[in-house]
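The values are calculated or read from the model by the stated rules, or taken from the named source; none is laboratory data. Just so you know, these numbers come straight off a predicted model, no measurement behind them. Here the Cβ positions follow ideal geometry from the backbone for every residue, glycine too, while neighbour counts run over all protein chains shown. With ligands, DNA and RNA removed, areas are computed over all heavy atoms of the protein, side chains included. Shrake-Rupley method; radii C 1.70, N 1.55, O 1.52, S 1.80 Å.
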Amino acid sequence: MRITQSITYDKYINDLMRKQESLYKSNVELSTGRKVNAPSDDPVNASRILTTKSVLSEYDQYEKNISYGLSYLNEAEHSLQSVKDILTRIQELAVSEATGTADAFSRANTAKVVSGLYDQLVSIGNTRLDERYIFAGYKTSTQPFTPAGVYQGDANSYAIRINTTTTVTLGINGGEVFSGVPAGTDVFKSVSDLVTALGANDAAGIQASLDTLEASYKQVSEAVSTVGGRITRLNAVQNDLTFSKTELQTTLSSLEDADMTKVISDLQLGQTALQASIASAGKVFSINIFDYL
């Protein structure tokens, strides 16, 4: 085969293009910090990289869900613990006023105190987080309790997804924990009945309220325990998720991150090789495009 000037010219051109392409790839790796910037860079691992990123994206969403869930549950736990404290104080007052030494005057004054505590309970029942009522079921934009303690939410409980197959219930339904729906104790009615009995100087009524107040306390205590269990579960899932994310991020880094020391070295060598090729071509061809490169 005869080696013509055209063949030699094409050989130089192809060699220069390969070197320029290699330099371009090294520059891209240097600017992005990744050795795989397109599927063609590594067809074998490109699919694994995409899959890993997809899973990490899902994990990010689960982390957001859990973070919100913990905020929600911590607010609910704090609120319900306050309810327990108020009910404890109301029980103490009821016991004191149920004795024979109490008179109409002290009971009337205590009625005012308990009435104020009742208002605090209603206010706690209407607690919000990020403008959402936490005890209203799905009706998070509706104030769950009227001043009279009437529940206006629904019977649902808010839940979040923590992985592809599992959800965790967050919502503590106000109809259950405060109003006793369907078969519990109406906390507001228990306290309201005590206020009525105190105002009427009704010793028997005050005595009778002790049982319903105790039932109310136990009902709220069970809700606090339920919330505490959910917080513990979410914390455990959050820790597992953090570990899994770290493992995946390490895997992703090994698949796509560039060795920056090698990239810089390759870039310097590539630039030297390209300049040498241009100089060589300039000597071979006296009048050609290499004079302008």
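Summary table
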{"read-out": "Every residue from segment 141-180 that is under 27 Å from Ser57 (Cβ atoms), in contact with a strand residue (DSSP E or B) (Cβ under 8 Å, 6 or more places away or on another chain) and hydroxyl-bearing (Ser, Thr, Tyr)", "value": "Tyr158, Thr167, Thr169"}
{"read-out": "Hits in segment 197-234 - residues which are free of Cβ contacts under 8 Å to residues at least 12 places away in the same chain and either of a type outside the set (A, V, I, L, M) or touching a helix residue (DSSP H, G or I) at 6+ places or on another chain (Cβ under 7 Å) (or both)", "value": "Asp202, Asp211, Lys218, Glu222, Ser225, Gly229, Thr232"}
{"read-out": "Hits in segment 68-118 - residues which are of a type in the set (Asp, Glu) and either under 30 Å from Thr169 (Cβ atoms) or assigned to a helix (DSSP H, G or I) (or both)", "value": "Glu75, Glu77, Asp85, Glu92, Glu97"}
{"read-out": "Residue match in segment 208-218 (condition: under 26 Å from Gly69 (Cα atoms) and either open to solvent by 30 Å² or more (accessible area, probe 1.4 Å) or among the charged types (D, E, K, R) (or both))", "value": "yes"}
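Table: residues versus (1) at negative phi; (2) open to solvent by 80 Å² or more (accessible area, probe 1.4 Å); (3) in a loop (DSSP other than H, G, I, E, B).
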position	(1), (2), (3)
Gly137	no, no, yes
Ser157	yes, no, yes
Asn163	yes, no, yes
Val168	yes, no, no
Gly175	yes, no, no
Val181	yes, yes, yes
Gly184	yes, no, yes
Phe188	yes, no, no
Leu194	yes, no, no
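Residues are listed down the side, and each one gets a yes or a no for (1) in contact (Cβ under 8 Å) with a residue 12 or more places away in the chain; (2) touching a His at 6+ places or on another chain (Cβ under 9 Å); (3) among the aliphatic types (A, V, I, L, M); (4) within 30 Å of Asn235 (Cα to Cα):
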| residue | (1), (2), (3), (4) |
| --- | --- |
| Val114 | yes, no, yes, no |
| Arg128 | no, no, no, yes |
| Arg132 | no, no, no, yes |
| Gln143 | yes, no, no, yes |
| Gly174 | yes, no, no, yes |
| Val181 | yes, no, yes, yes |
